[in-house]
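Asker: Sharing a structure here in structure tokens format.
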């Protein structure tokens, strides 16, 4: 059996070129050249477009600058007007602020003047209150409290039923006046506050203080310095008279310091006003 196969007939005058011969004869350089040529043509086209687009961009940018400059020039009068109005408003507010500061300073001066007057009024009121309190204590219109002495006096024991050992209204007046002279600030007899209008006198068989009858022993309370009041009392005519009554008639006369005394106000005295003595 023959291995020979039928081959296609070659056309007349054609030369058969094998695959290897075709590869060897046609290299890839031609293809590279083709691609490079295509790229050069495309680059030239883009360069042409770029050269044409650049002037357009520059023109548009210049147009925008021109429009912006024109808009700025058109808005300049309005900006000047707004700036002028703003400056005027600033000046007006500065003037208003200066006026407010001046008013504040004037008010501060007025307030300081009122505070000074109020302080003076308070000092005057305090001084007046102290003066009224002192007058109230001296007149008996106010109760008094403080240290002092308690003087207890009584009839002589043998004088019961009559005799010279009885205490008289004049004796009590001498004792009270002696206490005032010795420095007493407030005095009460049997709890009844003595004032400049108090009367001590006999009424029937009893001594009365402002028409209130008293019975012995009589307790006289005097507010003052307990360290000096007893000794100073004995130096007065009233104190000397009572020493004589005690020594000659056996009348009781006891003086005792007291650290705290409370004397009531005279219910019949109401201090409504006061006037200073002598010329002002």
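The values are calculated or read from the model by the stated rules, or taken from the named source; none is laboratory data. Only a predicted model underlies this, so the values are computations on that prediction, with no experimental measurement involved. For neighbour counting, all protein chains shown are included, and Cβ atoms are generated from backbone atoms with ideal geometry for every residue, glycine included.
Asker: Specify which of the listed residues (109, 150) is in contact with a strand residue (DSSP E or B) (Cβ under 6 Å, 6 or more places away or on another chain) and either free of Cβ contacts under 8 Å to residues at least 40 places away in the same chain or surrounded by 15 or more Cβ atoms within 10 Å (Cβ to Cβ) (or both).
Answerer: Working: 109 fails: in contact with a strand residue (DSSP E or B) (Cβ under 6 Å, 6 or more places away or on another chain).
Of 109, 150, the one residue that is in contact with a strand residue (DSSP E or B) (Cβ under 6 Å, 6 or more places away or on another chain) and either free of Cβ contacts under 8 Å to residues at least 40 places away in the same chain or surrounded by 15 or more Cβ atoms within 10 Å (Cβ to Cβ) (or both) is 150.
Asker: Can you pull out the residues in segment 195-216 that are touching a residue at least 60 places away in the same chain (Cβ under 8 Å) and surrounded by 15 or more Cβ atoms within 10 Å (Cβ to Cβ)? Before you say what the answer is, go through the steps one by one.
Answerer: Going residue by residue through segment 195-216, those that are touching a residue at least 60 places away in the same chain (Cβ under 8 Å) are 195, 197-198, 216.
Scanning segment 195-216 gives 195, 198, 216.
Asker: Let me ask something else. Under the condition of being assigned to a loop (DSSP other than H, G, I, E, B) and at pLDDT 90 or above, which residue from segment 189-214 is nearest to residue 255 (Cα to Cα)? Don't jump to the end; show me each part of the working.
Answerer: Quick first cut of segment 189-214, residues assigned to a loop (DSSP other than H, G, I, E, B) only: 190-191, 194-199, 204-205, 210-211.
Narrowing the set further to residues that are at pLDDT 90 or above leaves 190-191, 194.
Values: 190: 15, 191: 17, 194: 19 Å.
Filtering first and then ranking leaves 190.
Asker: So if I check each of 246, 256, 221, which one is under 30 Å from residue 128 (Cβ atoms), modelled with pLDDT of 90 or more and not in a loop (DSSP other than H, G, I, E, B)?
Answerer: Values: 246 fails: under 30 Å from residue 128 (Cβ atoms); 256 fails: under 30 Å from residue 128 (Cβ atoms).
None of the others qualify; the one that does is 221.
Asker: Looking at 222, 265, which is the one that is in contact (Cβ under 8 Å) with a residue 12 or more places away in the chain, crowded, with 19+ Cβ neighbours inside 10 Å and within 11 Å of residue 151 (Cα to Cα)? Full working, then the answer.
Answerer: Working: 265 fails: within 11 Å of residue 151 (Cα to Cα).
Being in contact (Cβ under 8 Å) with a residue 12 or more places away in the chain, crowded, with 19+ Cβ neighbours inside 10 Å and within 11 Å of residue 151 (Cα to Cα) holds for just one of 222, 265, which is 222.
Asker: Among the residues of segment 225-240, which ones are loosely packed, with under 15 Cβ neighbours inside 10 Å, touching a helix residue (DSSP H, G or I) at 6+ places or on another chain (Cβ under 9 Å) and in contact (Cβ under 8 Å) with a residue 12 or more places away in the chain?
Answerer: If the condition is that a residue be loosely packed, with under 15 Cβ neighbours inside 10 Å, touching a helix residue (DSSP H, G or I) at 6+ places or on another chain (Cβ under 9 Å) and in contact (Cβ under 8 Å) with a residue 12 or more places away in the chain, then 228, 235, 237 are the ones that fit.
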